[in-house]
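S.K.: Below is a structure I'd like to ask you about.
The values are calculated or read from the model by the stated rules, or taken from the named source; none is laboratory data. Because the structure is predicted, anything quoted here is derived from the model rather than measured. Note: ideal-geometry Cβ built from the backbone for every residue, glycine included; neighbour counts use all protein chains shown.
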Amino acid sequence: MRLVLAAAFALLAAIPARAEDIHIPLDSDFSSFALDWNTRNESSTVYWTTIEHGGKLAICGLIQHHDATLMQYDSKILRRSTIKVNGKVVLKGLQFFTTIGNGGKPEKSQATCRVLEGPLPPKDAQFLLTTPALREYS
C-alpha cells in the first residue's frame, strides 16, 4: 500500500504546475471580431492578443456578450476554439477569457491572459484564433 501511495505522490509531483493567469487592460493592440448568431441577428465581440510575459508567450482575451442569452453558446465556442502559431495548435480552449455584459465597457476592462509553457515563437510568427466553424482570425 505504501508503495502505491509513494508512486501516486511521485506522479503528482512530476506534473508541472500551470502558471497563474494574469490580467492586462484592453488596448489598441487587441484584435476583435464578432461571433454572429443568425437566429436573431445578434452577436458577441471577442477581443484577443498575444504578449510576452516573463520570457513566455501569453494569450489574452475578453468577450463581450451583447445579449445574455448568447452566453451559453459563446462559452461552447470558446471551449472548442484554439490558438495556432505558424499552423501548430499551442492552446485549446479559450474559456478563460474575461466575460463582460452588454453594459460593460471593453476599453475599461481587464483581459485575462494564459501564460504558456515553452519558448517564445519567432518575432515573425503568425498567430491565428480558430473557432469550431473553422473561421480563423489573426
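S.K.: Return the residues of segment 49-96 that are surrounded by fewer than 22 Cβ atoms within 10 Å (Cβ to Cβ) and either of a type in the set (F, W, Y) or in a loop (DSSP other than H, G, I, E, B) (or both); say none if nothing qualifies.
M.R.: G54, G55, H66, D67, Y73, N86, G87, G93, Q95, F96
S.K.: If you don't mind, there's one more thing I want to ask. Scanning for something surrounded by 20 or more Cβ atoms within 10 Å (Cβ to Cβ), in contact (Cβ under 8 Å) with a residue 60 or more places away in the chain, part of a strand (DSSP E or B) and within 11 Å of the chain's Cα centre (by Cα), does segment 103-111 turn up at least one residue?
M.R.: Yes; the residues of segment 103-111 include at least one that is surrounded by 20 or more Cβ atoms within 10 Å (Cβ to Cβ), in contact (Cβ under 8 Å) with a residue 60 or more places away in the chain, part of a strand (DSSP E or B) and within 11 Å of the chain's Cα centre (by Cα).
S.K.: Of all residues in segment 43-73 being among the polar types (S, T, N, Q) and free of Cβ contacts under 8 Å to residues at least 60 places away in the same chain, which is farthest from P121 (Cα to Cα)?
M.R.: Residue satisfying both the conditions and the ranking: T69.
S.K.: Select, from L120, L35, L116, the only residue that is in contact with a Ser or Thr (Cβ under 7 Å, 6 or more places away or on another chain) and of a type in the set (A, V, I, L, M, F, W, C).
M.R.: Of L120, L35, L116, the one residue that is in contact with a Ser or Thr (Cβ under 7 Å, 6 or more places away or on another chain) and of a type in the set (A, V, I, L, M, F, W, C) is L35.
S.K.: For the structure I just gave you, tell me whether L78 is within 17 Å of S31 (Cα to Cα) and under 10 Å from the mean Cα position of the chain (by Cα).
M.R.: Judged against the criteria, L78 is a match.
S.K.: So P16 ticks every box in (1) in a loop (DSSP other than H, G, I, E, B); (2) closer than 15 Å to L116 by Cα; (3) at pLDDT 70 or above but one. Which box is left unticked?
M.R.: (3)
S.K.: Let me ask you something else. Given the structure, is G93 in contact (Cβ under 8 Å) with a residue 60 or more places away in the chain and out of contact with any strand residue (DSSP E or B) (no Cβ under 6 Å at 6 or more places or on another chain)?
M.R.: no
S.K.: Select from segment 112-135 the residues that are of a type in the set (D, E, K, R) and either modelled with pLDDT of 90 or more or under 19 Å from I51 (Cα atoms) (or both) and write down the one among them that is surrounded by the most Cβ atoms within 10 Å (Cβ to Cβ).
M.R.: R114
S.K.: Kindly indicate whether any position in segment 21-32 is surrounded by 12 or more Cβ atoms within 10 Å (Cβ to Cβ), within 24 Å of A125 (Cα to Cα), among the hydroxyl-bearing types (S, T, Y) and touching a residue at least 12 places away in the same chain (Cβ under 8 Å).
M.R.: Yes, segment 21-32 contains a residue that is surrounded by 12 or more Cβ atoms within 10 Å (Cβ to Cβ), within 24 Å of A125 (Cα to Cα), among the hydroxyl-bearing types (S, T, Y) and touching a residue at least 12 places away in the same chain (Cβ under 8 Å).
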